[in-house]
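Student: My structure is below; once you've seen it, I'll send some questions.
The values are calculated or read from the model by the stated rules, or taken from the named source; none is laboratory data. All of these numbers come straight from a predicted model, not from anything done at the bench. A quick note on method: Cβ atoms are made from the backbone with ideal geometry, for glycine too, and the neighbour counts reach across all protein chains shown. We work out accessible area using only protein heavy atoms, side chains counted, and drop any ligands, DNA or RNA first. Shrake-Rupley method; radii C 1.70, N 1.55, O 1.52, S 1.80 Å.
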Amino acid sequence: MGRKVLVLGEARDGGLRNVSFEAISAASTVADGGEIVAALVGKDVKALSEELIAYGANKVVVTEHEDLAAYTSDGYAQALLAIIESEQPEAIVFGHTALGKDLAPKLAARLDKGLISDVTDVEVGGDQVVFTRPIYSGKAFEKKIMTDAFTFVTIRPNNISPLAKDEGRTGHVEDLNVEIKNLRTVVKEVVRKATQGVDLSEAKVVIAGGRGVKSTEGFGPLQELADVLNGAVGASRGACDADYCDYSLQIGQTGKVVTPDLYIACGISGAIQHLAGMSNSKIIVAINKDPEANIFKVADYGIVGDLFEVVPLLTEEFKKL
Ligand code: FAD
């Protein structure tokens, strides 16, 4: 049973976020042989269409506008509402990113439609599409089905594998001009914290430091290990509260949720609020001086030891690979 599914291609810094390709993959399951249309919204984004097609979109609808250069809820909502009106999809898939978490519920409420958020898996059984999502801070999973003919979905980054990229795929690219008007918010300036290397929420490897890291300088060995593994550095709230690092690195219930292939927790005790942000990582390694630390309960591999001895040794070993 083929469905028409719309996906938002999330453009950032002249490229597309990986979650856009994961969203196409989720959409291909939902579409079940139907059409996948990608929406590209922004300023000077059309060149990114080809990549969306290479990852499986059958068609790309591009809405470019000076006022869409930076994300604003009302600007993007106007563009997406026009695209939805023109395409009439049966489901819409966003990344469960800051943008998706803001925009999907806004559009669902505006159109009086359902929303299934933070999805980690999609399956089709007969006529039903079944979505899996974590609940109770990742301690349990629930399955939801689409009962509405038109449902919004957000997918958690790093859980659904993208389709294989194929430059030989062909698709149709279409412009949709939308009049953007009466914006209630205007971005005057974007001030970014200097972050090194890989984006934490999309990283395949995360090296996270806790209060055991003891200082800002203590994060140095963690950054070196992250660089060798092409990963990103994260932190517990304990480390952020102690001012060892910026809150943008915080992982957990009130921070970012990450699901990398490899999560190395260094000097983190494993409080329930921290586990909420990382316990679904594929492989968890914990380094802690305290053999009773709670983090070892969720770890696949535990190293009881001083992180300042263990982390540099790991870095040296990984450099040899
Ligand atoms: P600690 O609990 O102090 O643990 C430090 C660990 O380092 C210890 O286990 C110690 O054995 C080990 N250690 C010390 N020195 C070394 C060494 N040299 N080598 C190896 N190990 C060493 N926390 C989060 O992380 N994310 C959240 O989103 C979050 N949200 C919260 C929301 C609420 C409402 C509340 C109440 C709390 C929240 N917290 C969150 C805080 C959480 O409860 C913990 O306080 C916090 O996670 C502890 O951080 P930590 O593990 O780094 O520090």
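Student: How many residues does segment 26-79 contain that are of a type outside the set (A, V, I, L, M), part of a helix (DSSP H, G or I) and crowded, with 21+ Cβ neighbours inside 10 Å?
Tutor: The total comes to 5.
Student: Return yes or no: is PHE152 under 23 Å from the mean Cα position of the chain (by Cα), buried (at least 17 other Cβ atoms within 10 Å of the Cβ) and more than 16 Å from the ligand (Cβ to nearest atom)? If you could, list the steps in order and put the result at the bottom.
Tutor: Values: under 23 Å from the mean Cα position of the chain (by Cα): yes; buried (at least 17 other Cβ atoms within 10 Å of the Cβ): yes; more than 16 Å from the ligand (Cβ to nearest atom): yes.
When the stated conditions are applied, PHE152 passes them.
Student: Considering only residues that are of a type in the set (S, T, N, Q) and touching a helix residue (DSSP H, G or I) at 6+ places or on another chain (Cβ under 7 Å), which ones fall in segment 234-248? Outline the logic, then answer.
Tutor: Residues of segment 234-248 of a type in the set (S, T, N, Q): 236, 248.
If the condition is that a residue be of a type in the set (S, T, N, Q) and touching a helix residue (DSSP H, G or I) at 6+ places or on another chain (Cβ under 7 Å), then SER236 is the only one that fits.
Student: Related question: Among the residues of segment 265-284, which ones are closer than 20 Å to GLU309 by Cβ and either open to solvent by 20 Å² or more (accessible area, probe 1.4 Å) or within 17 Å of the chain's Cα centre (by Cα) (or both)?
Tutor: Passing the criteria: only SER269.
Student: The conditions are (1) of a type in the set (A, V, I, L, M); (2) surrounded by 16 or more Cβ atoms within 10 Å (Cβ to Cβ); (3) away from the ligand (no atom under 16 Å from the Cβ), and LEU183 fails exactly one of them. Which is it?
Tutor: All conditions are met except number (2).
Student: Out of the residues in segment 288-313 meeting the condition of being in contact with a Pro (Cβ under 9 Å, 6 or more places away or on another chain) and more than 7 Å from the ligand (Cβ to nearest atom), tell me which one is least open to solvent (accessible area, probe 1.4 Å). Give the derivation first.
Tutor: Within segment 288-313, the subset in contact with a Pro (Cβ under 9 Å, 6 or more places away or on another chain) is 302, 304, 307-308, 311-312.
Keeping just the survivors that are more than 7 Å from the ligand (Cβ to nearest atom) gives 302, 304, 311-312.
On the way: GLY302: 53, VAL304: 89, VAL311: 0, PRO312: 53 Å².
Restricting to residues being in contact with a Pro (Cβ under 9 Å, 6 or more places away or on another chain) and more than 7 Å from the ligand (Cβ to nearest atom), the top hit is VAL311.
Student: If you don't mind, another one. Out of (1) touching a His at 6+ places or on another chain (Cβ under 9 Å); (2) away from the ligand (no atom under 12 Å from the Cβ), what's the single condition that is false for PHE318?
Tutor: Evaluating PHE318 over (1) touching a His at 6+ places or on another chain (Cβ under 9 Å); (2) away from the ligand (no atom under 12 Å from the Cβ) leaves (1) as the failure.
Student: Hey, another quick one. Tally time: how many residues in segment 245-255 are within 9 Å of the ligand (Cβ to nearest atom) and open to solvent by 20 Å² or more (accessible area, probe 1.4 Å)?
Tutor: Step one: of segment 245-255, the residues within 9 Å of the ligand (Cβ to nearest atom) are 250-255.
If we keep only those that are open to solvent by 20 Å² or more (accessible area, probe 1.4 Å) too, we end up with 253-255.
Adding up the residues that qualify gives 3.
Student: Something else now. Which ones in segment 297-321 are part of a loop (DSSP other than H, G, I, E, B), closer than 17 Å to GLY270 by Cβ and not charged (D, E, K, R)?
Tutor: Of everything in segment 297-321, those that are part of a loop (DSSP other than H, G, I, E, B), closer than 17 Å to GLY270 by Cβ and not charged (D, E, K, R) turn out to be VAL298, ALA299, GLY305.
Student: So which of VAL258, VAL285, VAL233 ends up being more than 9 Å from the ligand (Cβ to nearest atom) and assigned to a loop (DSSP other than H, G, I, E, B)? Show your work before the answer.
Tutor: Working: VAL285 fails: assigned to a loop (DSSP other than H, G, I, E, B); VAL233 fails: assigned to a loop (DSSP other than H, G, I, E, B).
Every option except VAL258 fails the conditions.
Student: On to the next question. Quick one: is GLU202 over 24 Å from GLY95 (Cβ atoms), more than 14 Å from the ligand (Cβ to nearest atom) and in contact with a helix residue (DSSP H, G or I) (Cβ under 7 Å, 6 or more places away or on another chain)? Steps first, answer last, please.
Tutor: Values: over 24 Å from GLY95 (Cβ atoms): no; more than 14 Å from the ligand (Cβ to nearest atom): yes; in contact with a helix residue (DSSP H, G or I) (Cβ under 7 Å, 6 or more places away or on another chain): yes.
No, not satisfied.
Per-residue answers, yes or no, for (1) in contact with a helix residue (DSSP H, G or I) (Cβ under 8 Å, 6 or more places away or on another chain); (2) among the hydroxyl-bearing types (Ser, Thr, Tyr):
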{"position": "GLN250", "(1), (2)": "yes, no"}
{"position": "THR254", "(1), (2)": "yes, yes"}
{"position": "PRO260", "(1), (2)": "no, no"}
{"position": "GLY267", "(1), (2)": "yes, no"}
{"position": "SER281", "(1), (2)": "no, yes"}
{"position": "LYS289", "(1), (2)": "yes, no"}
{"position": "PHE296", "(1), (2)": "no, no"}
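Student: Taking into account only those residues within segment 210-230 that are free of Cβ contacts under 8 Å to residues at least 40 places away in the same chain and either more than 19 Å from ASP199 (Cβ to Cβ) or touching a Lys or Arg at 6+ places or on another chain (Cβ under 9 Å) (or both), which is nearest to the ligand (Cβ to nearest atom)?
Tutor: SER215
Student: Could you count how many residues in segment 92-127 are modelled with pLDDT under 95, touching a Ser or Thr at 6+ places or on another chain (Cβ under 8 Å) and among the hydrophobic types (A, V, I, L, M, F, W, C)?
Tutor: 1
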